[in-house]
């Protein structure tokens, strides 16, 4: 896993990645954190989210995705369903769902330059040490980069 500091969305718009992955809940909100920025900058990703069933727990561990035009071509945005809900206290990140999402990304999008934030470790309350190990195992052999947010 490569690690850089920066703004994942801005880097994606500049063509640094072919694909970006972010974590979503199963309620089609995209109302906070990086999901809110993705909703604003890549409305196609939000439209893909809205095509899924709101509140369906079966979405955990699955993805929806969309392509968006950028100044350098296009980028694929993966909505990874890594948490069921966003409300309440405690950990909302589902480690098995994160594992399933990244396995699916590897199966369907292998060979692309991938970028992602600290999925599940921010608002969802997960442990980045656990999550990063899950991602590293699932994306073994891929060109993938953790973008630690920095303005």
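Would you mind stating whether residue 95 is under 11 Å from the mean Cα position of the chain (by Cα) and either surrounded by fewer than 19 Cβ atoms within 10 Å (Cβ to Cβ) or closer than 22 Å to residue 147 by Cβ (or both)? Taking the combined requirement at face value, the residue does not satisfy it. Scanning segment 110-123 turns up one or more residues that are touching a residue at least 12 places away in the same chain (Cβ under 8 Å) and more than 22 Å from residue 148 (Cβ to Cβ). If you go through segment 70-92 one residue at a time, how many are in contact with a helix residue (DSSP H, G or I) (Cβ under 9 Å, 6 or more places away or on another chain), more than 17 Å from residue 32 (Cα to Cα) and not in a loop (DSSP other than H, G, I, E, B)? Here the count works out to 3.
Quick check on residue 49: is it crowded, with 19+ Cβ neighbours inside 10 Å and either modelled with pLDDT of 95 or more or out of contact with any strand residue (DSSP E or B) (no Cβ under 8 Å at 6 or more places or on another chain) (or both)? The answer is yes for residue 49. Considering the conditions (1) more than 18 Å from residue 138 (Cβ to Cβ); (2) more than 11 Å from the chain's Cα centre (by Cα); (3) at pLDDT 95 or above, residue 77 is excluded by exactly one of them, (2). Scanning segment 116-151 for residues being in contact with a strand residue (DSSP E or B) (Cβ under 6 Å, 6 or more places away or on another chain), over 14 Å from residue 17 (Cβ atoms) and not in a loop (DSSP other than H, G, I, E, B) gives a total of 1. Of the numbered criteria (1) under 24 Å from residue 127 (Cβ atoms); (2) at pLDDT 95 or above; (3) out of contact with any strand residue (DSSP E or B) (no Cβ under 6 Å at 6 or more places or on another chain); (4) surrounded by fewer than 16 Cβ atoms within 10 Å (Cβ to Cβ), the one residue 100 fails is (4). Within segment 16-46, being assigned to a helix (DSSP H, G or I), in contact with a helix residue (DSSP H, G or I) (Cβ under 7 Å, 6 or more places away or on another chain) and either buried (at least 24 other Cβ atoms within 10 Å of the Cβ) or touching a residue at least 60 places away in the same chain (Cβ under 8 Å) (or both) holds for 34, 38, 45. When segment 119-133 is filtered for residues that are crowded, with 21+ Cβ neighbours inside 10 Å and either within 19 Å of residue 32 (Cα to Cα) or more than 13 Å from the chain's Cα centre (by Cα) (or both), the ones remaining, listed by number, are 119, 120, 124, 126.
The values are calculated or read from the model by the stated rules, or taken from the named source; none is laboratory data. This one's a predicted model, so the numbers in the text were calculated from it and none came from an experiment. All Cβ positions, glycine included, derive from the backbone under ideal geometry; neighbour counts span all protein chains shown.
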